[in-house]
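First the structure, in the form of structure tokens, and then the observations on it.
The values are calculated or read from the model by the stated rules, or taken from the named source; none is laboratory data. Since the model is a prediction, treat every value here as computed from it, not as a measurement. FYI the Cβ positions are ideal-geometry reconstructions off the backbone, even for glycines, and counts take in every protein chain you see.
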Amino acid sequence: MKILVCISHVPDTTTKVKFIDDFKKLDVTGIQWVINPWDELSLTRALELKDDASSGVKSVTVAHVGPASSEPTIRKALAIGADDAIRVNADPADAFCVASHLADVIRDNAFDLIMCGIESSDHNGSTVGGMLAELLDFPSVSAVSGIRIENGQLVINREIDGGKETINVPAPAVAIVQKGIAKEPRIAAMRGIMMARTKPIKVIEPAAVEPYTEVLKYEMPKPRAACRFIDAENARQLIDVLQNEARLI
Amino acid sequence: MSVLVYTENWEGKFKKLTFELVSYASKVAEMLNTTATALSIGNVDPVELAKLGNYGVNKIINATGEGLNVLDNQVYTRIIADAAVRENADVIVLSNNNTGKALAPRLSVRLKAGIGSGVSVLPLSTDPFVIYKRAYSGNAFAHVKITTPVRILTLARNSFELIEKNNGALVENLNPEVNSSSIKTQVKDVQKLTGKILLTDADIVVSGGRGMKSPDNWGPLVELAELLGAATACSRPVSDEGWRGHEEHTGQTGKIIAPNLYIALGISGATQHLAGVSSSKYIVAVNTDKDAPIFEAAQYGIVGDAQKVLPRLIEALKEIKGR
């Protein structure tokens, strides 16, 4: 079984984002780029599956759509333990473009399980994984919090409103993963970092794709009103305020 | 031209979020000078189904039949896409919940339709079609133009008011043919959380962080939640430590919630935590550190130890509830 983990790179999650060009573009000055948190968890789970000989996972490949400047993020994924990487040399203009480029990668290489994070922490679209599955006509499972492989079969836990389902889908399939898929993201060790330098990154030139959406501009969130403090000794006053002023309880 | 709204059901029942969705779809239809149609898939009794008509739709499509009891993303996508084509829909509205997130992107490809995901307000304009959505996990907002003739919108929960309007909607029954071999998703087991208020549905959420100090201190937090009819939640360190289950983790990588009232106890309010709760209508914070960032997001705050504050809140609540 071969696994493909799709990774996007995003500003470190503690970044205070700023915009330039009349709020049309992100100011990338000083930004630390990281693997999108859900993609990092999905890579971790893929590597755990490969470590378990009984799973039959032979390789874990990462795929990324982005310019050469995103290669440090791909190297990081290789350092964490992916075997090889594919970069589609294209501007990730919107989710549809990214999904279309990834679909081309998958059409040219037989993968059994494709893993995508449920969303990216920059555009928060939650769309690439599902689009990819539809483009390939593969089954997809969303809100995945667990994946096992038993006798070559994918056994997936899917979160539903008010519970969890355990389901089977035939491979090849797209799993769109969320929190719970792995406990903590795996960190690159020194040996991994050394080895990553020589692992292959295959660069693919993209086919032309027209985006479906375009960001016109960004806005900063409106500041909230100042907090009204209530004395801890008189904490019960909070209940009175919530009941009679805010009318929330 | 029309607006189609997919109204998911849970064991034959709709939720408040369904009626928010229908109200939203009807308003979008008004902006486009057209009508809205609801699409229900799976068994829903006629009384429940008729409730959809109270929120402005002109037609209700009731799709039932074999093979529709399990959410198979491919089967559902086909049924919704077929209905969209038949209804000549140029906007399709779904919830931004797990189901909506599973189906909207597949529909996008099938219908060559751009997505505006997690919207919480009406489109800013319809020509060009521009939507407003959160970006960078709530640290910014974006104006996004959807350039395709058909558009898909997924609506965030608890973000749109119910608007009652009865247009005397008619129910149209539909029996889509589902070939059993086309159902790829096989459910082997279902584990339900019973008797608990769902975090993502709750109007009030009581949440604990590291400042709760130990998993043994959760009793009063749970008692407060019970008195308020609230769901319980926690911050990431708490779920990472295993003090509470990961299904309670709210924050950027956990659940993103938007209750009317979020009570944060012993949570400092790191950017990643606020990303999951900043859409709450009111935030109340209790923390020992008066400089904690949670107070910048909160409307009401108490500087103090949650362990000491909790009993006082519980006592005051019991008095007003007459217990």
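Is it the case, given these coordinates, that A:Ala99 is among the small types (Gly, Ala, Ser) and in contact (Cβ under 8 Å) with a residue 60 or more places away in the chain? Talk me through it step by step, then tell me what you get.
Working: among the small types (Gly, Ala, Ser): yes; in contact (Cβ under 8 Å) with a residue 60 or more places away in the chain: no.
Criteria not met by A:Ala99.
What number of residues within segment B:256-278 satisfy the criterion of being surrounded by 21 or more Cβ atoms within 10 Å (Cβ to Cβ), within 19 Å of B:Leu155 (Cα to Cα) and touching a strand residue (DSSP E or B) at 6+ places or on another chain (Cβ under 8 Å)? Going through segment B:256-278 one residue at a time, the tally reaches 5.
Among the numbered conditions (1) without any contact (Cβ under 8 Å) to a residue 40 or more places away in the chain; (2) crowded, with 20+ Cβ neighbours inside 10 Å; (3) hydroxyl-bearing (Ser, Thr, Tyr), the only one that A:Thr13 does not meet is (1).
Just one of (1) more than 7 Å from every other protein chain (Cβ to nearest Cβ); (2) surrounded by fewer than 24 Cβ atoms within 10 Å (Cβ to Cβ); (3) under 22 Å from B:Asn33 (Cα atoms); (4) of a type outside the set (Asp, Glu) fails for B:Thr148. It is (1). When B:Arg312 is tested against the conditions (1) surrounded by fewer than 18 Cβ atoms within 10 Å (Cβ to Cβ); (2) more than 30 Å from B:Asn96 (Cα to Cα), the lone failure is (1). Look at segment A:139-167: where a residue is modelled with pLDDT under 95 and among the acidic types (Asp, Glu) and a partner is surrounded by fewer than 17 Cβ atoms within 10 Å (Cβ to Cβ) and not in a strand (DSSP E or B), sitting 6+ places away or on another chain with Cβ atoms under 9 Å, you get A:Glu150/A:Ser54; A:Asp161/B:Leu198.
Condition check: assigned to a loop (DSSP other than H, G, I, E, B), closer than 25 Å to A:Ile249 by Cα and either free of Cβ contacts under 8 Å to residues at least 12 places away in the same chain or within 11 Å of chain A (Cβ to nearest Cβ) (or both). Does B:Thr253 satisfy that? Considered against the rule, which asks whether it is assigned to a loop (DSSP other than H, G, I, E, B), closer than 25 Å to A:Ile249 by Cα and either free of Cβ contacts under 8 Å to residues at least 12 places away in the same chain or within 11 Å of chain A (Cβ to nearest Cβ) (or both), B:Thr253 comes out as no.
Does segment B:212-224 include one or more residues that are under 21 Å from A:Pro221 (Cβ atoms) and touching a Ser or Thr at 6+ places or on another chain (Cβ under 9 Å)? Write out each step before concluding.
From segment B:212-224, those under 21 Å from A:Pro221 (Cβ atoms) are none; that's our starting set.
No; the residues of segment B:212-224 include none that is under 21 Å from A:Pro221 (Cβ atoms) and touching a Ser or Thr at 6+ places or on another chain (Cβ under 9 Å).
Kindly indicate whether any position in segment A:109-127 is crowded, with 23+ Cβ neighbours inside 10 Å and farther than 20 Å from A:Ile35 by Cβ. No. Inside segment A:140-172, residues that are within 21 Å of B:Ser181 (Cα to Cα) and either among the hydrophobic types (A, V, I, L, M, F, W, C) or surrounded by fewer than 24 Cβ atoms within 10 Å (Cβ to Cβ) (or both) make up a count of 14.
Restricting the search to strands (runs of 3 or more DSSP E) fully inside segment A:171-249 and requiring at least 3 residues that are within 8 Å of chain B (Cβ to nearest Cβ) gives A:213-219.
Scanning segment B:1-50 for residues that are among the aromatic types (Phe, Trp, Tyr), within 27 Å of B:Gly67 (Cα to Cα) and out of contact with any Lys or Arg (no Cβ under 9 Å at 6 or more places or on another chain) yields a count of 2. Residues in segment B:210-242 that are surrounded by 21 or more Cβ atoms within 10 Å (Cβ to Cβ) and either small (Gly, Ala, Ser) or in a loop (DSSP other than H, G, I, E, B) (or both): B:Gly211, B:Ala225, B:Ala230, B:Ala231, B:Ala233, B:Ser235, B:Ser239.
Against the condition of a type in the set (D, E, K, R), under 22 Å from the mean Cα position of the chain (by Cα), more than 22 Å from A:Leu136 (Cβ to Cβ) and buried (at least 19 other Cβ atoms within 10 Å of the Cβ), how does B:Arg134 come out, does it pass? For B:Arg134, the condition - of a type in the set (D, E, K, R), under 22 Å from the mean Cα position of the chain (by Cα), more than 22 Å from A:Leu136 (Cβ to Cβ) and buried (at least 19 other Cβ atoms within 10 Å of the Cβ) - is met. Within segment B:98-124, the set of residues being within 7 Å of another protein chain (Cβ to nearest Cβ), closer than 27 Å to A:Gly162 by Cβ and out of contact with any strand residue (DSSP E or B) (no Cβ under 6 Å at 6 or more places or on another chain) comprises B:Pro105, B:Arg106. Scanning segment B:193-209 for residues that are of a type in the set (A, V, I, L, M, F, W, C) and surrounded by fewer than 21 Cβ atoms within 10 Å (Cβ to Cβ) gives B:Leu193, B:Ile197, B:Leu198. On the stretch given as segment A:120-164, residues that are at the interface with chain B (Cβ under 7 Å from one of its Cβ atoms) and among the basic types (Lys, Arg) total 1.
In segment B:263-283, which residues are facing chain A (nearest Cβ under 7 Å) and either among the β-branched types (Val, Ile, Thr) or closer than 20 Å to A:Arg228 by Cβ (or both)?
As a first pass, look at segment B:263-283 and keep what is facing chain A (nearest Cβ under 7 Å): B:271-272, B:282.
Scanning segment B:263-283 gives B:Thr271, B:Tyr282.
When segment B:45-66 is filtered for residues that are buried (at least 20 other Cβ atoms within 10 Å of the Cβ) and out of contact with any Leu (no Cβ under 9 Å at 6 or more places or on another chain), the ones remaining, listed by number, are B:Leu49, B:Leu52, B:Gly56, B:Val57. Hey, can you tell me all the residues within segment B:196-225 that are under 21 Å from B:Lys321 (Cα atoms) and within 13 Å of chain A (Cβ to nearest Cβ)? Matches in segment B:196-225: B:Lys196, B:Ile197, B:Ala202, B:Asp203, B:Ile204, B:Val205, B:Val206, B:Pro220, B:Leu224, B:Ala225. Taken together, B:Phe141, B:Phe129 contain a single residue that is more than 9 Å from every other protein chain (Cβ to nearest Cβ) and either more than 22 Å from the chain's Cα centre (by Cα) or over 19 Å from B:Glu8 (Cα atoms) (or both), which is B:Phe129.
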